[in-house]
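Each remark here refers to the structure printed beneath this line.
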Amino acid sequence: MCTRPNVKVSLVGHSFIRRLHDFIRNPCNDGWFERGTGANDSTDRFSGPLSNLFFNPDLVNTQIESWGGSTICWGQKCLKSRFPRVLAFGPDIIFIQIGSNDVSRSEPIIVANEIADAARFFIRNGAQYVMVGQLLYRHNHGIPHNIPDFNARIDFINQTLHEIFTAEPKIELQRHKGLWRQGESLFLDDGVHLTPFGQFKYFRSVRGAILRALKYLNPLQSSQGW
């Protein structure tokens, strides 16, 4: 009888990953989630513990390496200093969320290239697939006063990453579709971090990205089997 492999997945990044970690470890968030505010709305339900991103722990093993306020460009809190810990886990799939803390300090093209280089680094060092989370807008107080075009820079970085990764068969940009339509209503008053409902939509997006990567590694396996 053929058994499916145990796939190792690393989630790496700044405070969005740390807050996701807090969210999935909170038992109050286990159980059923429902959304249905209109006739055309979808309803999403997850039953059981979220601590392993709702994957079967016999098949998928997750690791989270997060550092609030971290950057991808070199500095005091550069996430690259944590990369050896990620590689020590031996991940097959890596999801990276990084870059927004760099926008007010470095040129957008530099930020995009550093993110792309980090993804390639993981592929060179054994990862089979890397998903890069697109950078999200900031709202109201979250936009630095000295960078009024902050969100335009976000657009540039995301578009540049999309263009770069079209030539990278094992790297993909994950578009957080559910976090754009409702905009700032999904963000806390700080304009940077997500509300509980926004956090759940982010959880769904990250989980969906990992499911696509799992499908790449195991094309014959149904997504429901994980």
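Within the chain, helices built from complete DSSP H runs that reach 18 Å or longer along their own axis (Cα positions) and carry a mean Kyte-Doolittle hydropathy of 0.5 or higher are 108-124. When the chymotrypsin sites (Phe, Trp or Tyr not before Pro) in segment 71-128 are filtered for DSSP coil states and for at most 16 other beta-carbon atoms within 10 Å of their beta-carbon, the remaining sites are Trp74. Of the listed residues Arg138, Arg18, Arg85, the order by accessible area with a 1.4 Å probe, largest first, is Arg85, Arg18, Arg138.
Return the carbon/sulfur percentage of the accessible area of the chain, one whole number, probe 1.4 Å, all protein chains in place. Ligands and nucleic acids excluded, carbon and sulfur give 51 percent. Of Ser106, His14, Pro219, which is farthest on the positive side of the dipole of the chain, counting Cα position, with +1 on Lys and Arg Cβ, -1 on Asp and Glu Cβ, and the Cα centre as origin? My answer, from the dipole projection, is Pro219.
Heavy atoms of the protein chains alone define the surface here; on that basis the chain has 49 Å² accessible area per residue at 1.4 Å probe size.
Legend: residue pairs Lys77/Lys215; Lys8/Lys201; Lys177/Lys215, Cα-Cα distance threshold 25 Å; pairs beyond threshold, Lys77/Lys215.
Rolling a 1.4 Å probe across all protein chains gives Leu211 an accessible area of roughly 40 Å².
Of all DSSP beta bridges confined to the chain, the antiparallel ones make up roughly 5%. Each residue, Ser104 and Leu220, gets one label point 7 Å from its Cα in the Cβ direction; the gap between the two is 5.2 nm.
For segment 123-205, the set of chymotrypsin sites (Phe, Trp or Tyr not before Pro) satisfying both a DSSP loop assignment and a count of at most 15 other C-beta atoms within 10 Å is given as Trp180.
The values are calculated or read from the model by the stated rules, or taken from the named source; none is laboratory data. Just so we're clear, the structure is a prediction, and the values are computed from it rather than from any experiment. When we count neighbours, we look across all protein chains shown, and the Cβ atoms used for this are built from the backbone with ideal geometry, even at glycine. Heads up: the accessible areas ignore ligands, DNA and RNA and are worked out on the full protein's heavy atoms, side chains in. Shrake-Rupley method; radii C 1.70, N 1.55, O 1.52, S 1.80 Å.
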